[in-house]
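> Got a structure for you, questions after.
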Amino acid sequence: DYLNFRVALSWSLAHSPTVGLRLAAELWRYFFTRGSFIEGQRWLEVALATPEAEKDVARVRALNGLGVMFWATGNLERALELQNSSFALAREIDDVWGMAAAEGDRAIVEFMNGGDANQARKSTMDALKKFRALGDRASEGLTLIALGSIAQSKRNLVQAAVHFQEAL
């Protein structure tokens with residue numbers, strides 16, 4: 001699959017940049033779960049740089065994914081910039097999922113960068129409510145893990161365990 005994804009991304013970005021953007025926006029989690037953060041960044045940056053990149057859901061997802069990739073490599077400042085861009089575009093096009101994803105990811109990045117745990121918890125809870133309203137169980141689970149991590153960092157191990165258990 002890995003080689004096929006690379007070939008599909010390379011071809012689509014060269015021949016149909018709009019399709020390439022959509023493909024990169026959908027595949028970033030594949031690269032993330034494999035630990036291929038730098039390669040994922042590269043594909044997303046190329047996709048987002050295409051002149052045909054419109055203000056649409058694929059662009060929101062690609063910005064969000066690129067922000068996550070930068071978070072994973074420790075560049076929290078760039079990650080926050082990208083999540084802010086993702087959130088702003090999602091709001092502009094009324095993409096509720098995109099707003100929830102960027103809000104939750106932005107809260108985690110700010111928290112990791114020394115931000116207030118209570119504010120991170122509040123923002124992450126807001127994202128959780130949106131994912132639940134959308135019926136997105138996968139994103140709900142990831143958000144619960146984030147809430148568990150925030151609680152754990154505050155040494156609230158009972159609350160952390162509740163969030164982690166609910167995420168299963």
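The values are calculated or read from the model by the stated rules, or taken from the named source; none is laboratory data. None of these values were measured; they are calculated from a predicted model. Neighbour counts run over all protein chains shown; Cβ positions are idealised from the backbone, glycine included. Only protein heavy atoms, including side chains, enter the accessible area calculation; ligands, DNA and RNA are left aside. Shrake-Rupley method; radii C 1.70, N 1.55, O 1.52, S 1.80 Å.
> Given labels modelled 7 Å from the Cα in the Cβ direction, how far is it in nm from Ile93 to Arg155?
Spacing of the two 7 Å Cα→Cβ label points: 4.6 nm.
> What angle do you read, to the nearest 10 degrees and between 0 and 90, between the alpha-carbon axis of helix 37-48 and the longest principal axis of the chain?
Around 60 degrees separate the two axes.
> Treating only the Cβ of Lys, Arg, Asp and Glu as charged (+1, +1, -1, -1), what charge dipole size does the chain show about its Cα centre? Round to the nearest 20 debye.
On the way: 19 positive and 20 negative charges, 84 e Å.
Once rounded to the nearest 20, the dipole reads 400 debye.
> Which net charge results when you count Lys and Arg as +1 and Asp and Glu as -1 among the other residues whose beta-carbon is under 13 Å from that of Leu9?
Details: positive: Arg6, Arg22, Arg42; negative: Asp1, Glu26, Glu39, Glu45.
Result for the local shell: -1.
> Same structure again: Quick one: length gained pulling Gln165 to Arg34 fully straight, 0.36 nm per residue minus the C-alpha distance? Don't skip to the end; give the middle numbers.
Details: separation 131, 0.36 × 131 = 47.16 nm, distance 2.43 nm.
Stretched out fully, the Gln165 to Arg34 stretch lengthens by 44.7 nm.
> Continuing with the same structure: State the extension gain, in nm to one decimal, for the chain segment bounded by Ala117 and Asp56, taking 0.36 nm per residue of separation less the distance between their alpha-carbons. Kindly include the intermediate steps, with their values, before the conclusion.
Working: separation 61, 0.36 × 61 = 21.96 nm, distance 3.19 nm.
That pair, Ala117 and Asp56, stretches by 18.8 nm at full extension.
> Ignoring ligands, DNA and RNA, what percent of the 1.4 Å accessible area of the range 44-168 is carbon and sulfur? Before the final figure, lay out the partial values.
Working: 3320 of 6300 Å².
Ligands and nucleic acids excluded, carbon and sulfur reach 53 percent.
> Could you state the accessible area per residue of the chain in Å², with a 1.4 Å probe and every protein chain left in place? Mind dumping the intermediate values first?
Working: 8800 Å² over 168 residues.
Normalised by residue count, the accessible surface of the chain is 52 Å².
> Sticking with this one: Given all pairs of different Cα atoms, what value in angstroms does the Kirkwood hydrodynamic radius of the range 28-107 take?
12.2
> Viscosity 1.567 mPa s, temperature 4 °C: give me the Stokes-Einstein translational D for the range 1-155 in µm²/s, with Rh taken as the Kirkwood radius over C-alpha pairs.
Numbers: Rh = 15.7 Å.
This corresponds to a translational diffusion coefficient of 83 µm²/s.
> Want the number for Ala133 to Tyr2: 0.36 nm per residue separation, take away the alpha-carbon distance, what's left? Walk me through the numbers before you get to the answer.
Details: separation 131, 0.36 × 131 = 47.16 nm, distance 3.36 nm.
The span from Ala133 to Tyr2 would gain 43.8 nm if fully extended.
> Using unit Cβ charges (K, R positive; D, E negative) and no other charged atoms, how large, in debye to the nearest 20, is the dipole of the range 80-168 about its Cα centre? The partial results should precede the final answer.
Numbers: 10 positive and 12 negative charges, 85 e Å.
Taking the Cα centre of the range 80-168 as origin, the dipole is about 400 debye.
> Below 8 Å between Cα atoms, with a sequence gap of 6+, how large is the relative contact order for the chain in percent? Present the calculation step by step, with values, prior to reporting the outcome.
Numbers: 221 pairs, mean separation 22.2, N = 168.
This gives 13 percent for the chain.
> Where does helix 17-33 land angle-wise versus the long Cα axis of the chain, in degrees 0 to 90, nearest 10?
That helix lies at roughly 40 degrees to the long axis.
> With a cut-off of 8 Å between alpha carbons and a minimum separation of six or more residues, what is the relative contact order of the range 63-113 in percent? Before the final figure, lay out each step's value.
On the way: 54 pairs, mean separation 18.9, N = 51.
Value for the range 63-113: 37 percent.
> Taking the dipole about the Cα centre of the chain, with the C-beta of Lys and Arg at +1 and of Asp and Glu at -1, give me whichever of Ala102, Ala8, Ala88 is farthest to the positive side.
Ala102
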